[in-house]
Amino acid sequence: MKAVVIRNHGGPEALSYEEIPEPEPREGHAIVKVRYCAVNRLDTWVRKGIAGKQLDFPHVLGCDIMGTLLKGFGGFKRGEKVVVYPAVEPDSPRVLLSIIGGFSKYDGGYAEMVQVPKKNIIKKPAWLDDVEACALNVSYLTAWNMLQKSRCKKGDTVLIWGASGGVGSASIMLARALGFRIIAVASGKQKAERARQIGAHFVIDRSKDDVMMETLRHTSEVGVDAVIDHVGAKTWHESIEVLSVGGRMVTCGTTSGPEATVNIRALYSKEASILGAYLGSREQLASLHRFMRLKKIRPIIDSVFDLKDAGAAHSRMEASSQFGKIILKIPS
Ligand SMILES: NC(=O)c1ccc[n+]([C@@H]2O[C@H](COP(=O)([O-])OP(=O)(O)OC[C@H]3O[C@@H](n4cnc5c(N)ncnc54)[C@H](OP(=O)(O)O)[C@@H]3O)[C@@H](O)[C@H]2O)c1
């Protein structure tokens, strides 16, 4: 079958489009003929490598999968359209989960076929088209988990970084539908305008304005009830500074680096909290599907690349050129 594999860590050129053997059927597993696989930042981390994380080569990336079943089982029919819940058993006792196509033993969806545990198979939401259905299982699920962890109620104010990104754009649309007041951060006029269109009440253009000053101005110096931070090192300081008394910062990512300097005094003097979010549970994915259907929210698709052009898709993400999800189309 055709697949994009990595045989070593590196830049986008490490992504090699080639012929590899089809997966050998395993007990308790299902084989999905992949139609679409969304690109996530995780794919770029796995491609580049992270100190201390081991990977068996060759490895197939891709955790956000939509396709059809090669064989039926239980309540699923052969050929049925499905999506894949991306989390599998953790590879260490001190992590919550491992991710298919990530730093796990499971190859991912940058391939014509992928083998995953049967319990990870979920019916494709019928109200989404095929390309949209592959976009929900990582960014949207994580955004949903983060918003739930934020403990915000209707009318509360939340600061959302990276409005153009997968997690950021998903957070804006979901937070708006939950009735939160949204201050979003984007870079540049065009992205700021899109952020407004998808539901942000205020947008701070970080390419020209000071995020901390503007956030405090929009909240009459009180600060926000919660911050959705997926950027990491470069934004943690401001994220903590703009929290109100008792505010919550929810974090899931390290796009700008994994080690931040925190003003501990700012944190304790307002009894603020920092909460980690890692993907979300299968139950949360089911509740996300229900919520998005009820509120008529469709994921934002930035672009669709052919599988063989996975390198160009990664470059687009690493240049932060996208607004929404970048998707790979798998040859049929
Ligand atoms: N823990 C989990 O389970 C989980 C799940 C999904 C994602 N994540 C992580 O969450 C992060 C975001 O993922 P994603 O898929 O949304 O990525 P993405 O689509 O590439 O979005 C990244 C966003 O970050 C913004 N950004 C980049 N550098 C910035 C900086 N220095 N200051 C402020 N904003 C900056 C970019 O917007 P600008 O236009 O402003 O540059 C862009 O919107 C990644 O680190 C990813 O690994 C974690």
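Readers should treat all values here as calculations from the given coordinates under stated rules, not as data from a laboratory. Remember, predicted model here, so these are calculated numbers, not experimental data. All Cβ positions, glycine included, derive from the backbone under ideal geometry; neighbour counts span all protein chains shown.
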Zero-based 10 Å bins, Cα pair distances in segment 31-73, whole percents: 24, 41, 26, 8, 0
If each Cα of segment 139-276 is one equal point scatterer, what is log10 of I(q)/I(0) from the Debye formula at q = 0.16 Å⁻¹? -0.71
Excluding residue 118 itself, what net charge comes from residues whose Cβ is under 11 Å from its Cβ, given Lys and Arg +1 and Asp and Glu -1? +2
From fewest to most C-beta neighbours within 10 Å, the residues 66, 173, 212 line up as 212, 173, 66
Can you list the HN-Hα couplings for segment 199-205, worked out from phi with the Karplus curve (6.51, -1.76, 1.60; θ = phi - 60°), rounded to whole Hz and with x for Gly and Pro? x, 6, 7, 10, 10, 9, 8
Plugging the Cβ-Cβ distance of residue 76 and residue 24 into 1/(1 + (r/R0)^6) at R0 = 22 Å yields, to the nearest 0.05, a FRET efficiency of 0.60
For 291, 323, what's the fewest-to-most ordering of other Cβ within 10 Å of each Cβ? 291, 323
Show the residues, 5+ positions off or on another chain, whose built amide H is closer than 5 Å to the amide H of residue 274. 249
Quick query: amide H of residue 305 versus all other amide H atoms, modeled in the peptide plane; which residues come in under 5 Å with a sequence gap of 5 or more or a different chain? 327, 328, 329
Calculated [θ] (222 nm, deg cm²/dmol) that DSSP helices of n ≥ 4 give over the chain, each run adding -39,500 (n - 2.57): -7000 deg cm²/dmol
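Over the chain, what per residue volume does the convex hull of the Cα atoms give, in whole Å³? Kindly include the intermediate steps, with their values, before the conclusion.
Details: hull volume 42.6 nm³, N = 332.
Considering the Cα atoms of the chain, their hull volume per residue is 128 Å³.
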Where Rh is the Kirkwood radius over the Cα pairs of segment 1-64, the temperature 25 °C and the viscosity 0.890 mPa s, what D in µm²/s does Stokes-Einstein return? 188
What lysines sit close enough to residue 2 to cross-link, taking a C-alpha to C-alpha distance under 19 Å and skipping anything fewer than 8 places away on the same chain? 33, 308, 329
The chain - charge dipole about Cα centre, Lys and Arg +1 at Cβ, Asp and Glu -1, debye rounded to 20: 1060
Points 7 angstrom from Cα along the Cβ direction at residue 129 and residue 304: gap in nanometres? 0.6
When the chain is treated as a GNM, springs tying every alpha-carbon pair under 10 Å, which of 231, 84, 34 comes out with the largest mean-square fluctuation? 231
Tell me which residues come under 5 Å, amide H to amide H, from residue 30 once H is placed; ignore anything under 5 positions away on its chain. 116, 118
Taking springs between alpha-carbon atoms closer than 10 angstrom, which of 137, 145, 263 fluctuates most in the Gaussian network model of the chain? 263
Length-normalised contact order for segment 139-276 - Cα pairs under 8 Å, 6+ apart - percent: 21
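What pairs in 48/270; 208/295; 153/191; 124/208; 77/296; 105/191 have C-alpha atoms more than 31 Å from each other?
Exceeds cut-off: 48/270; 208/295; 124/208; 105/191.
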Using 0.36 nm times the number of residues separating residue 269 and residue 97, minus their current alpha carbon distance, what extension gain do you get? 58.6 nm
Contour minus Cα-Cα distance for residue 17 and residue 295 (0.36 nm per residue): 96.2 nm
Relative contact order (percent, whole number), the chain, Cα cutoff 8 Å, 6+ residue spacing: 18
